[in-house]
Structures are given as C-alpha cells and as structure tokens.
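Have a look at the structure below before the remarks.
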Amino acid sequence: MDAEAIARIDATLLPQMDRHHLRLLAHCLDSFQAMDHDAEGRLPDAASRRRWCEQQPIVAEDPAFLRSLMLQLNGAAEQLQALAESLNKAPLQLNLDDLITAAEARCHHQLQNKSADAP
C-alpha cells in the first residue's frame, strides 16, 4: 500500500479503529492482488495464500507470524468476498474507493443505531 492510499484513509472522518481496520483490509487486498489469481478476479485459495506467504522472507522465518498472517488473510478474504458480492464485483476488482465507501456506510449505520437507541 502506498503513501497516497494511507493518506486517503487517514483523511476520512472514520474513527481511529475503523481507519486502522480499513488500512489492514486495503493491505490484504493489495497482497491478494499480488498473489497468483485467476483471470476472473477471484481471491487466491488458501494454498496459494500460504505459498505466497512462505515466499516472503520475514514471514517464512517466523512460524507463529505465518499462522497469524494466515488467519488475518482468511478473515480479510471473507470480508472482501462479502463486500464484492454486495457490489456485484469480483473481489480482486475491488479498489480503495469501494473499501472507504463501505467503511463510511458501516460507521454511519452504527451511529444511526446508537442515536436511535439513545433515550
């Protein structure tokens, strides 16, 4: 993820935790796009993810980090797949704008629910 993407995320009015989550999700999307994937834009399967991770020297040297990263990538894959389906796109066709829009909508919805629950 480049500095421009980070700056765009940081420029949103999202709460700090949501911006952090958005940065992680965008980084995972970038990683998936760098992995072997099919022409239809589907996410790499678990075996492809593992192979890619094992090719990253800092990851391959730390089995505990590899396990944690695989869990993170699996969770991100589920979130990206759900978002892609809601937008009628292939997951690897998602972009930062899609992620930001979804995060802003989720936060807006949470704020509406909190204000509706307030006495």
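The values are calculated or read from the model by the stated rules, or taken from the named source; none is laboratory data. Just so it is clear, the model here is predicted, and its values are computed rather than measured. A quick note on method: Cβ atoms are made from the backbone with ideal geometry, for glycine too, and the neighbour counts reach across all protein chains shown.
Please go through the stretch 34-48 and give me each residue that is buried (at least 16 other Cβ atoms within 10 Å of the Cβ) and within 14 Å of the chain's Cα centre (by Cα), ordered by number.
Listed by number, the residues that qualify are LEU43, PRO44.
Return the pair list, or none, for Cβ contacts closer than 9 Å from residues in the stretch 95-107 that are touching a residue at least 24 places away in the same chain (Cβ under 8 Å) and under 18 Å from GLY41 (Cβ atoms) to residues that are among the basic types (Lys, Arg) and assigned to a helix (DSSP H, G or I), at least 6 apart or on different chains.
Sorted first by the residue in the stretch 95-107, then by its partner, the pairs are LEU96/ARG8.
Can you work out which of the residues in the stretch 86-119 that are loosely packed, with under 10 Cβ neighbours inside 10 Å and outside any helix (DSSP H, G or I) is modelled with the lowest pLDDT?
If we take residues in the stretch 86-119 being loosely packed, with under 10 Cβ neighbours inside 10 Å and outside any helix (DSSP H, G or I), then ALA118 is modelled with the lowest pLDDT.
Among the residues of the stretch 60-80, is there at least one that is free of Cβ contacts under 8 Å to residues at least 24 places away in the same chain, surrounded by 15 or more Cβ atoms within 10 Å (Cβ to Cβ), in contact with a Phe, Trp or Tyr (Cβ under 7 Å, 6 or more places away or on another chain) and in a helix (DSSP H, G or I)?
No, that holds for no residue.
Kindly list, by first and then second residue, each pair from a residue in the stretch 26-52 that is farther than 16 Å from GLN79 by Cβ to a residue that is hydroxyl-bearing (Ser, Thr, Tyr), limited to pairs with Cβ atoms under 7 Å and residues at least 6 apart or on different chains.
MET35/SER48; ASP36/SER48
Going by the structure shown, is ALA47 assigned to a helix (DSSP H, G or I), at pLDDT below 90, of a type outside the set (Val, Ile, Thr) and more than 19 Å from THR12 (Cα to Cα)?
No; evaluated as a whole, the condition is false for this residue.
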